[in-house]
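Accompanying notes for the structure given below.
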Amino acid sequence: MRRLALGSLILIALALPACTRPSNEAQTPDASPAVAAPSMHLLVAARIAGSEAPGANAMVWDDTGRIIAIGGADDLAARFPAATRHDAGDGVVMPGLIDAHGHLMNLGFALLRADLVGATSKAEIIERLQAYAATVPADAWIIGRGWDQNDWPEKDFPTAADLDAAFPDRPVWLERVDGHAGWGNSAAMRAAEAKHGKTFDGDWQVDGGRILREGDKATGVFIDAAATFIDGAVPAPSEALREEAFERALAAAAASGLTGVHDMGVSRADLALYTRFADADRLTLRVEAYADGDRDALADRCAQGPYVHDGGRLAMRGVKVYMDGALGSRGAALIADYSDEPGHRGLLLMRQEALDALLAKVKGCGLQAATHAIGDLANRLVLDGYAKVLGPEAATLDHRWRIEHAQVVSPKDLPRFAELGVIASMQPTHATSDMPWAEARLGAERIRGAYAWKTLKDGGARLALGSDFPVESVDPRLGLYSAVTRQDLEGLPLGGWQPQERLTMLDALAGFTADAAFANRREGEIGRLAEGYRADFVVLDADPAAIDAAAVPKLVVRSTWVDGAPVYQRPTDSAATP
């Protein structure tokens, strides 16, 4: 699947409404006659999909945002005559979609920076950067995200020289689409060398990273941990800019039909920002934040315990652990050499002993581990670490530990997910974005253990599905389409790539709803439309399970609701109630 440019989301993000009501936990109404009865809301639609009530076309919730009843419109209207009515017309109501792996702040900043997604050549990159440069102060760094050399005719990594002709003196720093590599010009490297007091030339490398060189000269591409050298020289964004980035990310997510996000790699400062939004009733998503590795946010949770905001829309009860890099930048850690780079096996970001120690710390703090592992070696080492730390009773414990991506797994290791009770948190659009070049990286044998959604599910593992935005589009409709077709938007390859791993639409929907809710222990209140659950839902123009898969990416999100309050309404439907 071609990755969609983020620039088109900026106009959406600028014009969306904020949530108008706080999200409070359900409370038992006081029996005293002095206390007013809770107000009710009745939504009538063509169908309430995903509900256990046969033929349901209406739903009632109270002013705490909890669903009271689901059934027929006439019956519910008679039972709740004073309810405020919302008419969804011929729309179909679905449980709110949950992205089980995204990066909200990265998405927000991507919407504020040069958008390089889908650029098909270095020349196009330069054109986009020149247009962006005209919109920011003349002394500002030119920051962008989204390039992918696999989309270019030559397929080779770029160099600083490719940028220097257009930008000889102004620092340029461009994050690769996977977030695991960066490309800078000579001015950016000079600024970073001055800050760190060391040259990037030579033959040295940093643990968990790779500076690409020609001979002993740095080329301008920095992979994984090496990219932090340039990142550290980029001026830090102001708090006002961080707030704007978060607002835009929330708006873009709501416009895509998302009511929840598992936000991977959240810092102490990010959680403080999110908390301010939640305190002010401005948080329009249900955000399950995962701490950014063994840093301040984890230290806070170990000292204070898991965090849950009183409003019910924000929590931090888990930790994002990082084991290796990404396949596209050849940073994924493999058991054997890359098929297209003999002698290279990727990058481990920590050794087994360090991983085991960190996992033991996470367990001791009563938190959930969610570990990034893309290559087959990284997945094996993480499974080994989980088995060691959780112990022989791992499969019987309700630990909900996860592997994020689980992208390339040895066939020998695939059954271990179910055996250990490990959740496979996977992103369907990764497969359709990577399919033009993934086999070249892995070869015909290893590719059979890659993006193996159905094999994992059939083996008893639980799948939680997401997008990894802004690596991929934030739009879950594209994830649903990829999951069931394994094709790009042009319908290629015919029959799907590695079609034996396709999911049914019902399984794909579960991955974005009930199973995503299970992955962060919210299955008792979100992910379904049922009495007692949160009124988190999306109104679409059709049911994804009732139409041809080719039409799923074109489904119209008419409105998105969290706790029974609209957080997005399609502009052309602004005159309508829902």
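Quick check on region 393-428: of everything there that is under 20 Å from residue 330 (Cβ atoms) and touching a Gly at 6+ places or on another chain (Cβ under 7 Å), which residue is surrounded by the fewest Cβ atoms within 10 Å (Cβ to Cβ)?
Taking the candidates together, the pick is 410.
Mind checking whether some residue in region 199-211 is touching a strand residue (DSSP E or B) at 6+ places or on another chain (Cβ under 7 Å), charged (D, E, K, R) and farther than 30 Å from residue 436 by Cβ?
Checking region 199-211: at least one residue is touching a strand residue (DSSP E or B) at 6+ places or on another chain (Cβ under 7 Å), charged (D, E, K, R) and farther than 30 Å from residue 436 by Cβ.
Taking residue 190 as the residue in question, decide whether it is under 30 Å from residue 544 (Cβ atoms), in a helix (DSSP H, G or I) and of a type in the set (Lys, Arg).
Numbers: under 30 Å from residue 544 (Cβ atoms): no; in a helix (DSSP H, G or I): yes; of a type in the set (Lys, Arg): yes.
Taking the combined requirement at face value, the residue does not satisfy it.
Any chance region 314-325 includes a residue that's among the basic types (Lys, Arg), outside any strand (DSSP E or B) and either touching a residue at least 60 places away in the same chain (Cβ under 8 Å) or on the phi < 0 side of the Ramachandran plot (or both)?
There is no residue in region 314-325 that is among the basic types (Lys, Arg), outside any strand (DSSP E or B) and either touching a residue at least 60 places away in the same chain (Cβ under 8 Å) or on the phi < 0 side of the Ramachandran plot (or both).
Can you find even one residue in region 406-427 that is closer than 23 Å to residue 545 by Cβ, touching a residue at least 12 places away in the same chain (Cβ under 8 Å) and part of a loop (DSSP other than H, G, I, E, B)?
Looking for residues that are closer than 23 Å to residue 545 by Cβ, touching a residue at least 12 places away in the same chain (Cβ under 8 Å) and part of a loop (DSSP other than H, G, I, E, B), one finds at least one in region 406-427, hence yes.
Counting just the residues of region 119-139 that are part of a loop (DSSP other than H, G, I, E, B) and among the polar types (S, T, N, Q), which one comes out surrounded by the fewest Cβ atoms within 10 Å (Cβ to Cβ)? Can you show your working first?
Step one: filter region 119-139 for residues part of a loop (DSSP other than H, G, I, E, B), giving 119-121, 134-139.
Pick out the ones that are also among the polar types (S, T, N, Q) and you get 120-121, 135.
Numbers: 120: 11, 121: 12, 135: 8.
Step by step, filter region 119-139, then rank; the result is 135.
Check every one of the helices (runs of 4 or more DSSP H) wholly within region 434-498 and list those with 2 or more residues that are surrounded by fewer than 21 Cβ atoms within 10 Å (Cβ to Cβ) and either in contact (Cβ under 8 Å) with a residue 40 or more places away in the chain or of a type in the set (D, E, K, R) (or both).
In region 434-498, the matching helices (runs of 4 or more DSSP H) lie at 438-446, 453-458.
For the subset of region 63-84 comprising residues that are assigned to a strand (DSSP E or B) and touching a residue at least 60 places away in the same chain (Cβ under 8 Å), which member is surrounded by the fewest Cβ atoms within 10 Å (Cβ to Cβ)?
In this case the residue turns out to be 69.
Looking at (1) surrounded by fewer than 22 Cβ atoms within 10 Å (Cβ to Cβ); (2) under 32 Å from the mean Cα position of the chain (by Cα), which is the only condition residue 163 fails?
Every listed condition holds for residue 163 apart from (1).
Report yes if residue 208 is surrounded by 17 or more Cβ atoms within 10 Å (Cβ to Cβ) and either hydroxyl-bearing (Ser, Thr, Tyr) or in contact with a Phe, Trp or Tyr (Cβ under 8 Å, 6 or more places away or on another chain) (or both), otherwise no.
Criteria not met by residue 208.
Filtering region 499-522 down to residues that are in a loop (DSSP other than H, G, I, E, B) and within 19 Å of the chain's Cα centre (by Cα), which residue is surrounded by the fewest Cβ atoms within 10 Å (Cβ to Cβ)? Explain how you work it out, then say what you get.
Within region 499-522, the first condition is being in a loop (DSSP other than H, G, I, E, B), and the residues that meet it are 502-504, 512-513, 520-522.
After this cut, where a residue has to be within 19 Å of the chain's Cα centre (by Cα) as well, the list is 512-513, 520-522.
Values: 512: 32, 513: 26, 520: 26, 521: 15, 522: 21.
My answer is 521.
Failed condition for residue 112, given (1) modelled with pLDDT under 50; (2) assigned by TED's automatic domain parsing to the domain that holds residue 136, with all others met?
So residue 112 meets the others, but not (1).
Is it fair to say residue 434 is in contact with a helix residue (DSSP H, G or I) (Cβ under 7 Å, 6 or more places away or on another chain) and of a type in the set (D, E, K, R)?
Against the criterion (in contact with a helix residue (DSSP H, G or I) (Cβ under 7 Å, 6 or more places away or on another chain) and of a type in the set (D, E, K, R)), residue 434 does not qualify.
Given the residues 139, 164, 156, 169, which is the only one that is acidic (Asp, Glu) and under 30 Å from residue 438 (Cα atoms)?
156
Quick check on residue 208: is it over 24 Å from residue 116 (Cβ atoms), without any contact (Cβ under 8 Å) to a residue 24 or more places away in the chain and not hydroxyl-bearing (Ser, Thr, Tyr)?
Judged against the criteria, residue 208 is not a match.
Could you say whether any residue in region 166-177 is over 23 Å from residue 471 (Cβ atoms), over 33 Å from the mean Cα position of the chain (by Cα) and not acidic (Asp, Glu)?
Yes; the residues of region 166-177 include at least one that is over 23 Å from residue 471 (Cβ atoms), over 33 Å from the mean Cα position of the chain (by Cα) and not acidic (Asp, Glu).
Output yes when any residue across region 352-365 is small (Gly, Ala, Ser) and assigned to a loop (DSSP other than H, G, I, E, B), and no when none is. It would help to see each step written out before you state the result.
Applying the first criterion (small (Gly, Ala, Ser)) to region 352-365 yields 354, 357, 360, 364.
Restricting the remaining residues to those that are assigned to a loop (DSSP other than H, G, I, E, B) gives none.
No; the residues of region 352-365 include none that is small (Gly, Ala, Ser) and assigned to a loop (DSSP other than H, G, I, E, B).
Of the residues 83, 58, 53, which is at pLDDT below 95 and in contact with a strand residue (DSSP E or B) (Cβ under 7 Å, 6 or more places away or on another chain)?
53
Here's the yes/no breakdown for (1) at pLDDT below 95; (2) of a type in the set (Phe, Trp, Tyr); (3) over 25 Å from residue 68 (Cβ atoms):
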site: 537; (1), (2), (3): no, yes, no
site: 542; (1), (2), (3): no, no, yes
site: 550; (1), (2), (3): no, no, yes
site: 553; (1), (2), (3): no, no, yes
site: 560; (1), (2), (3): no, no, no
site: 569; (1), (2), (3): no, no, no
site: 574; (1), (2), (3): yes, no, yes
site: 577; (1), (2), (3): yes, no, no
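Please state which of the following conditions residue 183 fails to meet, knowing it meets all the rest: (1) buried (at least 22 other Cβ atoms within 10 Å of the Cβ); (2) modelled with pLDDT under 95.
For residue 183, the failing item is (2).
Looking at (1) at pLDDT below 95; (2) over 27 Å from residue 301 (Cβ atoms), which is the only condition residue 252 fails?
Tallying (1) at pLDDT below 95; (2) over 27 Å from residue 301 (Cβ atoms), residue 252 fails exactly one: (1).
From (1) in contact with a strand residue (DSSP E or B) (Cβ under 7 Å, 6 or more places away or on another chain); (2) surrounded by fewer than 20 Cβ atoms within 10 Å (Cβ to Cβ); (3) closer than 15 Å to residue 108 by Cα, pick out the condition that doesn't hold for residue 247.
Residue 247 satisfies all of (1) in contact with a strand residue (DSSP E or B) (Cβ under 7 Å, 6 or more places away or on another chain); (2) surrounded by fewer than 20 Cβ atoms within 10 Å (Cβ to Cβ); (3) closer than 15 Å to residue 108 by Cα except (1).
The values are calculated or read from the model by the stated rules, or taken from the named source; none is laboratory data. None of the values given here were measured: they were computed from a predicted structure. In this analysis, Cβ positions are derived from the backbone assuming ideal geometry, glycine residues included, and neighbour counts consider all displayed protein chains.
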